[in-house]
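Following: one structure in structure tokens, then a few remarks.
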Amino acid sequence: MVVAWLRRAVLGLERAVDEINTLNVFPVADADTGTNMLVTLRAAARSAEVADRTEGPHAVARATVAGAVAGARGNSGVIVSQIMRGLAGQLGPDADLTAEGLATGLRNATDLVTTAVAEPIEGTILSVLRAAADGAGAALAGGGDLATCARGSADAAFDALLRTREQLADNAAAGVVDAGGRGLLVLLDALVEVTAGAVPERPRFGRQIAPHVQVHVDEAHGHTHDHVDPPRGPHADYEVMYLLPSATEATANRLRAELQAFGESVVVVAAADPDPVATWSVHTHTTEPGAAIQAGLRHGKLRSIAVNVLQEAGHAETPLQALLDAPRAIVALVSGDGAAELFAGAGAEVIRCDKGMTHAELLAALHRFEGREVLLMPNGALPTPELLAVAARSRESGVLVTLLPTSSMVQAIAALAVHEPNGHAADDTYSMAEAAAGARCGSVVAVTEDALTILGPCGPGDYLGMVGGEVVVLEEDQYSAGEALAELLLATGGDMVTVLLGDAGDGDFPDRVSAALRPDRPEVEVVGYVGGQTASVMEIGVE
């Protein structure tokens, strides 16, 4: 259940990330709270899924927290890791969560966050978290089950979120609710959806319509409230994050106090209860990043050191900063009108290869990205030796090409889902490559002539299920072939099936395969897209 909840929460944050980023005005209006929470939760979900698949449910709790702490980004991400820690401590050996466990876990999470934050402030995610714990506790006292307690916590969090607009001066000036609190509500609503089967209806908050002006839109009542946010001076601050392994709680407390002397938004948290040591995630905003790192080094060896300039959203960048922040291009080789539209909508630059592609054609197409870094998703359009040659030639001509291991368009969809355009290039490349590699994929193709396969003879009217160039399914209709292929890909685990329908694919297939899987695999979600490719009837990916 917890793995399903994390997956649902990630999907919820993906939908709400822009809304949450727009609400971000405290402690720095750098429009990244939603992104940071999403990156952190993705890390937690990925770690939990791997542990569940390779070690079993008993390992999910530990893996969830370890993934969240190691993958935490920003102040809000570190806080999310402690919410995960509080809840994970209440999971049973089968990674199950009870009503009492939810109430206790939220209360423990509140205590952990309060302790971790050097200067707790009302009107932030902490206020919303405390209300969620109270709501779950009240529902439990009334005899509620897990679904009832989840709904009680989410509704209480929603009420507290509304109050943050007036509790914090920065929020009041901008006319927004707290961004971190809004992100927490997404997590809690996802738990309601998983436990109760119902999606809570919430209004969309905060829409920036001009510099320094925020408008809150209450979709339920149609009211708008304009507020003026006065311009702020330029920020020269830095965000510093790192991990401090094998440190005691006393050491962490000393480091927290030292960082408070010259930093703001200081958060020092552990991945587990110190016994007697733990790995600690450290976060601060400061004008002295070197001093913040030196403070950590006095207490041990550091890992995963990251220093980022805190740039307020809406402020003009210097020419140098604009050069440093030149966006890398995500380039996908795509066939089919629907697939081209899908990838372009997800932020990728599309190179069409409907009629095949030579390495010379690809090299010429990449010339327009001169002076930029390119993450190339080849999607099986060219063999590896030719791709390596193209990448080498492109680098010589000023296009820094990095190849991502996507052998199909459905693998590229998985990679794009974790793409972070504002993240470090190396981190982004690793995350996308990992997501692509973790997506098992295959395709269904229509037989056009008589042939002999490893599964027997086939002819026109038959359909083959292919994985890695091998025939693994032979059926007389595309539905049977697709369902059998999906079952094979799910044999080693997974809870997300992505179907990219080709030009000859039946639009009813995603619904049909979902219905076929539901009795034995109710946790599996099927998502369908119209790709329009002619090389296959459909591509199927499993994550």
Which condition breaks for MET432 when tested against (1) buried (at least 18 other Cβ atoms within 10 Å of the Cβ); (2) not assigned by the TED database to the domain that holds GLY338?
(2)
Of all residues in the stretch 115-157 being among the polar types (S, T, N, Q) and closer than 20 Å to VAL266 by Cα, the one that is farthest from the chain's Cα centre (by Cα):
THR115
Apart from one, (1) buried (at least 17 other Cβ atoms within 10 Å of the Cβ); (2) farther than 19 Å from GLU475 by Cβ; (3) of a type outside the set (Val, Ile, Thr) all hold for CYS441; the odd one out is (2)
Note down all Cβ pairs under 9 Å where the first residue falls in the stretch 130-156 and is free of Cβ contacts under 8 Å to residues at least 12 places away in the same chain and outside the structural domain of VAL192 (by the TED database), the second is in a helix (DSSP H, G or I) and of a type outside the set (D, E, K, R), and they're at least six residues apart or on different chains.
none
Cβ-Cβ distance below 9 Å, separation of 6 or more or different chains: which pairs start in the stretch 375-393 with a residue that is in the same structural domain as GLY423 (by the TED database) and over 18 Å from ILE351 (Cα atoms) and end on one that is at pLDDT 90 or above and not hydrophobic (A, V, I, L, M, F, W, C)?
none
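Residues of the stretch 371-385 being of a type in the set (A, V, I, L, M) and assigned to a loop (DSSP other than H, G, I, E, B), which ones?
Pass one, the stretch 371-385, residues of a type in the set (A, V, I, L, M): 374-377, 381-382.
Within the stretch 371-385, ALA381, LEU382 meet the criteria.
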For ARG165, indicate whether it is farther than 29 Å from ALA272 by Cβ, basic (Lys, Arg) and out of contact with any Pro (no Cβ under 7 Å at 6 or more places or on another chain).
yes
Quick check on the stretch 488-497. Is at least one of its residues surrounded by fewer than 19 Cβ atoms within 10 Å (Cβ to Cβ), part of a helix (DSSP H, G or I) and in contact with a Gly (Cβ under 8 Å, 6 or more places away or on another chain)?
yes
Only one of these is of a type outside the set (Phe, Trp, Tyr), under 23 Å from LEU38 (Cα atoms) and touching a Ser or Thr at 6+ places or on another chain (Cβ under 8 Å): ALA412, ALA433. Name it.
ALA412
Here are some residues: VAL499, VAL445. Which one is touching a Ser or Thr at 6+ places or on another chain (Cβ under 9 Å), modelled with pLDDT of 90 or more, outside the structural domain of VAL350 (by the TED database) and of a type outside the set (Ser, Thr, Tyr)?
VAL445
(1) surrounded by 19 or more Cβ atoms within 10 Å (Cβ to Cβ); (2) at pLDDT below 95: which one isn't true of LEU191, the others all being true?
(2)
Matching entry among ALA160, ALA103, ALA109 (being closer than 18 Å to GLN82 by Cα, hydrophobic (A, V, I, L, M, F, W, C) and free of Cβ contacts under 8 Å to residues at least 40 places away in the same chain)
ALA109
Considering ALA45, ALA70, ALA59, which residue is assigned to a helix (DSSP H, G or I) and buried (at least 22 other Cβ atoms within 10 Å of the Cβ)?
ALA45
Hits in the stretch 268-285 - residues which are in contact (Cβ under 8 Å) with a residue 40 or more places away in the chain, among the β-branched types (Val, Ile, Thr) and surrounded by fewer than 23 Cβ atoms within 10 Å (Cβ to Cβ)
THR279
Pair list, Cβ < 9 Å and 6+ apart or interchain, from the stretch 508-520 residues that are of a type in the set (Asp, Glu) to residues that are in a helix (DSSP H, G or I) and surrounded by fewer than 19 Cβ atoms within 10 Å (Cβ to Cβ)
ASP508/TYR479
Unique residue being outside the structural domain of VAL526 (by the TED database) and within 20 Å of GLY423 (Cβ to Cβ) when the list is VAL17, VAL25, VAL60:
VAL17
Tell me the residue from ALA196, ALA132 that is closer than 23 Å to THR98 by Cα, crowded, with 24+ Cβ neighbours inside 10 Å and in contact with a helix residue (DSSP H, G or I) (Cβ under 6 Å, 6 or more places away or on another chain), please.
ALA132
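The values are calculated or read from the model by the stated rules, or taken from the named source; none is laboratory data. Model, not experiment: these values are computed from the prediction. For neighbour counting, all protein chains shown are included, and Cβ atoms are generated from backbone atoms with ideal geometry for every residue, glycine included.
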